[in-house]
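What follows draws every value from the coordinates through simple rules; no lab data is involved. Please read these numbers as outputs of a predicted model, since none were measured by experiment. Glycine gets a Cβ as well: all are built from the backbone with ideal geometry, and neighbour counts include every protein chain shown.
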Amino acid sequence: MKTSKDFKIIPNITPLKPLWNKTVWKETQNIDDKRTYPFSEEFDDIFFQDDVIEETNYVFIKGNNLEERWRLEKYNEFKIGELGFGLGLNFFIVLKKWIENFKDSSNNLTFVSIDQYAPKISDIIKIKEAYPQLKEVIDIFLSLNPVLFHGNNNFYIDKYKVTLKLIISDIDEGLKSIENIPSNKIDAWFLDGFDPKKNPDMWDAAIFKTISTLSNTQSTFSTYTAAGFVKRNLERYGFDVKKIKGFANKRHMLKGNFSYTSPSRHQRKIESSSDIAIIGSGLSSSILANKLACQGFKVDVYEKNKYIALGTSSNPVGGNVSKISTR
């Protein structure tokens, strides 16, 4: 059993109360296998599937080739960046893998995770009860008597050369807090927020732009989602993206690596503009505004009439005989 003597705590510098996860534990409907699972009231979604350990190993550990890369001597300190700490499952699973296979390594592991909401200790204890195979690593975390604040929370597990940097803030603030620190370049990204439809802020195009600035030249990423706009935004900001077989019954997931090349003069000119104005709110204008907004641009639509689409676009034929380019 590990004791507090094995660990050091790096004190917090921002003693502000965080927002806490609003977690409800529900019982499965399976009569033959009754168990409880955590459900997020903020995002109206489950935190993870029953087979979360296998899923994390497949999507994030294998998706980023972590075990192979951890064996390379060039990584004196390997940094993982995670968007969406949740209840800490990915961290606990990675810590277990590290201790089992690399506890004698001379390298260091740093796990940087950003989440708007802090996990409650009572929920982490329930995770330990639900997944006894994670008991040892969760006990390591709990032995630190972790007190979480808004902002940066740093925990150093000296015995295994592992650092957890848990940043409790909105995604923009969290990324900006590490953006200008060269030593915080990330080697592997876990993109693990809730469903993009239920948590759009985490999957905004501007987030991917910041991720690219925080990536090393050999950084990788993986995510359970295969949404088209996620793929396009990753490619837009310098990632080579592959769509591969998803975990278990899921059809696809995305993985890839960072290989940024300088944008063209035309692209730089567009991206240097913070605002785009569209005159008129007809069918074509509305579709264009939506597409630009999905790409991360700030769009203002100007319409002289009281309501949108009162001109030619109000004719039903306009919706059937459209000349809009989809390229």
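Data for the structure
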quantity	calculated
Cross-link pairs LYS26/LYS96; LYS26/LYS161; LYS197/LYS298; LYS17/LYS255; LYS62/LYS298; LYS22/LYS185 - those with Cα-Cα distance over 28 Å	LYS26/LYS161; LYS17/LYS255; LYS62/LYS298; LYS22/LYS185
Inter-label distance, nm, simple model (7 Å from Cα along the C-beta direction), LYS197/LEU19	2.2 nm
Cβ-Cβ FRET estimate between GLU179 and ARG69, R0 fixed at 22 Å, reported to 0.05	0.40
The range 111-188 and the range 79-102: distance between their alpha carbon centers, rounded to Å	9 Å
Amide hydrogen neighbours beyond the local backbone of PHE190, cut-off 5 Å, H modeled	GLY81, GLU82, LEU83
All aspartates and glutamates inside 20 Å of LYS159 as judged from Cα atoms, apart from same-chain residues fewer than 8 positions distant	ASP6, GLU67, GLU73, GLU77, GLU100, ASP104, GLU136, ASP139
For ASN21, distant residues with modelled amide H under 5 Å away	ALA118, LYS120
Hz values of 3J(HN,Hα) by residue in the range 297-305 - Karplus curve (6.51, -1.76, 1.60), Gly and Pro given as x	7, 8, 10, 10, 10, 10, 9, 6, 7
Long-range HN-HN contacts of GLY282 with modeled amide H, under 5 Å	ALA309
Label-point gap, in nm, between GLU42 and ASP170 - each point 7 angstrom along Cα→Cβ	1.2 nm
